[in-house]
Structures are given as C-alpha cells and as structure tokens.
Amino acid sequence: MINEIKIDCEYTPIKYGPMATLAQSLATIAQSCLSIGLGMELAIPAIVISHLYGNDKSDFSISLTEASWYGSILFIFHPFGCFLSGVLQERFGKKRCMIFANVPSIVGWTLLYFAHSSPFLYASALFMGFSIGVGAGAVHAYIGEITEPRLRGSMSSISNSASLFGSLLGFILGSLFDWRTVALLSTLCPIICVSLIIFIPESPIWLIAKGKNDKAEKAICWLRGWVDPEIVKPELITLFHYIEVSGTIGNEGSNFRANDDNSLLSKLALFKEPSVYKPLKLILIYFFTSYSVNLSPGKPFIGKIMTEVGLRDYQSIYLIIFSVVQTIGSVILILTIRRFRKRFLTLVTISINSALLLLFSVYIIAMKNNYIESTQWIPLIIICGIYFSGGCGAACIPWMLIGEVFPNKSRGIATGVCAGMAYLLLFTLTKSYLTVEMILSIEYTMLLFGCIGIFGLIYFYNYLPETENKTLLEIEEFFASNSKAQR
C-alpha cells in the first residue's frame, strides 16, 4: 500500500483558533518574499540567455560556452552560501540569517544591471547564488520550527509556491521589458523582504536553545494568534522537553549547548548519527530524482529545447505558460497536502512525470524519423504536464522535508549542508546537460530522465516515510531508530 511506511507515533494536537493560522500564515508570507526573490534569480539566466545568446543586435552577446557557464554558475556558490547558512543559523538565528541573505541579492541584481560583458554576468550570478544558498536552508528550517504539525505542510507549500511565483514574475517582466530593466525592478524584492522579515518573531526553538525563554514565550504567543502565555503553556512545555531530549538547551547569552560543544568538528561529527545521515541520504536521492523528472537541468536552456521540438515561435509566452502551470500546481499542493500527504503525492507526481518524459522521448524519435508530422501542441502539452505535475508534488516536497527531518541539535548545519549539496548537484546536472544532450541527443536525454524517475519511484515506494502531521520529535525518533524503512 502507498501509505505502508509510517512513523509509528500519534500526535495529540493542541487546538488553537483561526488567529493562530493567520499568525503563522503572516510569518510564512513575510519570509516567503525571500523565496520570491530566489525564484526570480533562478529565472533570470533563461531571460538573459534568450536576449544575448548569438544576438548581434545587443550591445554585447554571449557564445554557447558562455551561456552554458552563465546558466549553471548560479549554482556554484549555492553550497558555500548553504554551509555558511548553517553556521549563521546556529549563531544568530533563522531571522537574522534570512535578513542577511538579501544583501548579496541586492549586489547581484545591481551587477547584472550594469553588466556589459560575460564576466559581469558571472559575477552577478555568483552573488545571487550565494544569496540563494544562505536563504534556502534558513527559510525551510524556520517554517519547520514555527508551525504546528497540522499546518507545516501547507506553510511549506506556500514558501515553495512563492519561489515558483518568483520565476513566473521574472518571466512576465522578461516579456515586457529588456533584461536590464528586469534586473533593476528585481532589486526591489530583497528590499521589501527585509522590511517584512523584521516584523516577524524569531524561531521559539532557537530562542529556547539559547536560553532566551522569555523571548521564546513571546514568540510562541505571537505565532499562535497573539494569545496569552497561559494558552501556549502546554506547547511551551512540550518544546522544552523536545529541546532537552535533543540535548540543545542552553543558557541565555551562551552559544554552547548542554551536551555538545560548538566547534565545527563537533557539528560535522553529528553526520555520523543515523538521525542525520539517514534523512540526508533520503533527501539527496529525492533531489536527484526531482531535478531529473522536472527537467531542472535544462531549464536555463529551455529556449533551445523548445526550438529542437518545434516550438520556435512565441517562446517568451511559452515561458510564462510553463511558470503559470507550475505555480497552479503548487497552489493545488497547498490545498491538498493535508488530505493526500507527502508520500502519496510524491509517488503519484513522479509516476506522471516519468511517463510524460518517456512519451516525450517517443514523440521526438517519431518526429525525427518522419513517422509523424511535427506539431506544436504535443510538446507544449507534454512540457506543461511535466511542470504542472512537478508543482503538485515532486518539485516542492523535498524542500518541505528538508526543514522537518533533521534533529534539532543539527538542524541548522544539516539543512545548510543538505541544501548546499542539493544545489551542487543541480549545478553538476545543469553544467553537464548540454554535453549529455550532445552525446545522447535530446530524445534519449528525455528517456534517461524518465528512467531515473522510475528508479526513484521504486526507491521512494520502499523507503519514504510519511511525515505529515507528525511532531519534530516523532520524526527525529523515527530516523534515529533502526527502522526497516530506512535501510
């Protein structure tokens, strides 16, 4: 059965009113501005490449090699930003880390606006990549720590939808303005983000771990609907128990933990523990599968892909359509994740995307061998289906899991390392995409992605547990156990 692998523990929720949902939604929306900026930064290479690649009418143009580097270099500094994010989260908290992530974003957009050569493009991409890396781990760790179990999936979906909306917004701006104007307008996003994040509370879990109990109480009261301390007292006691069990409780003003020292080596040593390396392995396999079945490596070169399959006209409009359907899929995920849960949606969306990729491969082979005539609507529907299905699950769920599967004592560094490795993986896949396509041709590249999806489907059927509506302690205990599901 699809829901066969479960975390064997039941959670008895503390019932709060609709004001608690509103408060957590506001906190999520405020920090989701960072995700909107992330989506815009991920979209800009495709916009710039479409304007500058082989374009003699522009003030400067870029070659295929330069386009390949620019399309993938964004991901080189992601890991460095992610690793730094883990340290910053532990030292300064999630909130300050998210604020800091906007600084290199502003620098990156400014460099892009003034770019007149490919080195300037590379420099802007490096700053943007660093910004994405610093912000990514903090965003998902923050949501995992501030939300109730019943809302965690939906709130994480909002953050992922914000990233897709950012890409959509970038492509819309790219269809209306030249790429320099898009860069200038995009600078507003990190400025607005900082203005909103300063008004939301810090993670109560981080505050308790630092011994700032009074501030933690105020934060949890804010996040549960601006209620009185007596109302949140049972949950606060539960958080104290969780932090005490995880060995992370400390004294105010101290950056050291009760059962641990704060050195880099001690943090890296945590990766030897099953509660850390088991979810890390699971999520990295998820990311590899997700990138493959959602055509993520080819996204910066989607214009080239569309040209090869017969979509030569109206490409800027098609880019908007692809982003719209993926965003719609992510909204559907927000509305359905509590009912269908992460495991079911993972298996269904990976199955659909794998089938669509195999169908795409068959179509291209038939078209190239003149078995059928080239038509625009077939590849358009297939690509839209891939983006829509991915938005409904496989493209978003690994980012939800990253904020909830790691134990509290290593969550900051583990989410940073995991996000860094995920972006390093995406860089490798993106940088090698054109080479793989050149060797295999586009039809067999799609076939390869489809086969990866099938292998991923088999793995997740056997090893992916359900985390929806589970407390962080329940999830931590599951991965720490010698569960058959994690072998």
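List of remarks:
- Seen against the Cα atoms of the chain and their longest principal axis, helix 411-440 is set at about 10 degrees.
- Kirkwood estimate for segment 305-406, i.e. one over the average of 1/r between Cα atoms, Å: 14.8
- Taking all protein chains together, 15, 304, 215 sort by accessible area into 15, 215, 304, largest first [probe 1.4 Å].
- Summary value for segment 8-94: 15 percent relative contact order, contacts being C-alpha pairs under 8 angstrom separated by 6+ residues.
- Prolate/oblate/rounded call for segment 280-330, Cα gyration tensor, a/c under 1.5 rounded: oblate
- With a cut-off of 16 Å on the backbone N, the residues of segment 208-232 near the modelled label site 7 Å out from residue 25 along Cα-Cβ are 223-226.
- Here the 3J(HN,Hα) profile of segment 365-375, calculated from phi with Karplus coefficients 6.51, -1.76 and 1.60 at θ = phi - 60°, is 4, 5, 5, 5, 9, 6, 6, 9, 7, 5, 10 Hz, Gly and Pro shown as x.
- Each residue of segment 140-154 was assigned a 3J(HN,Hα) from its phi angle through the Karplus expression (A = 6.51, B = -1.76, C = 1.60, θ = phi - 60°), giving 6, 5, 4, 4, x, 9, 9, 9, 6, x, 5, 10, 4, x, 5 Hz with x at Gly and Pro.
- Euclidean distance between Cα centres, segment 57-109 to segment 424-450, Å: 23
- Listed by chain and number, the lysines placed with their C-alpha closer than 17 angstrom to that of residue 215 are 94, 95, 233; residues fewer than eight positions away on the same chain are left out.
- Computed over the chain, the P(r) tail beyond 29 angstrom holds 47 percent of alpha carbon pairs.
- Compared with the alpha-carbon gap, the fully stretched path from residue 313 to residue 65 is longer by 86.9 nm at 0.36 nm per residue.
- If you sort 230, 66 by accessible surface, 1.4 Å probe, largest first, the order is 230, 66.
- Mean Cβ count within 10 Å, highest first, over the residues of peptides 438-445, 278-285, 155-162, 368-375: 155-162, 278-285, 438-445, 368-375
- Degrees between helix 18-52 axis and first principal axis of the chain (Cα, 0 to 90, nearest 10): 30
- Crossing angle, helix 64-73 versus the chain [Cα axis fit, 0-90 degrees, rounded to tens]: 10
The values are calculated or read from the model by the stated rules, or taken from the named source; none is laboratory data. As the structure is a prediction and not an experimental result, all values here were calculated from the model. Backbone-built Cβ (ideal geometry, glycine too); neighbour counts: all protein chains shown. Only protein heavy atoms, including side chains, enter the accessible area calculation; ligands, DNA and RNA are left aside. Shrake-Rupley method; radii C 1.70, N 1.55, O 1.52, S 1.80 Å.
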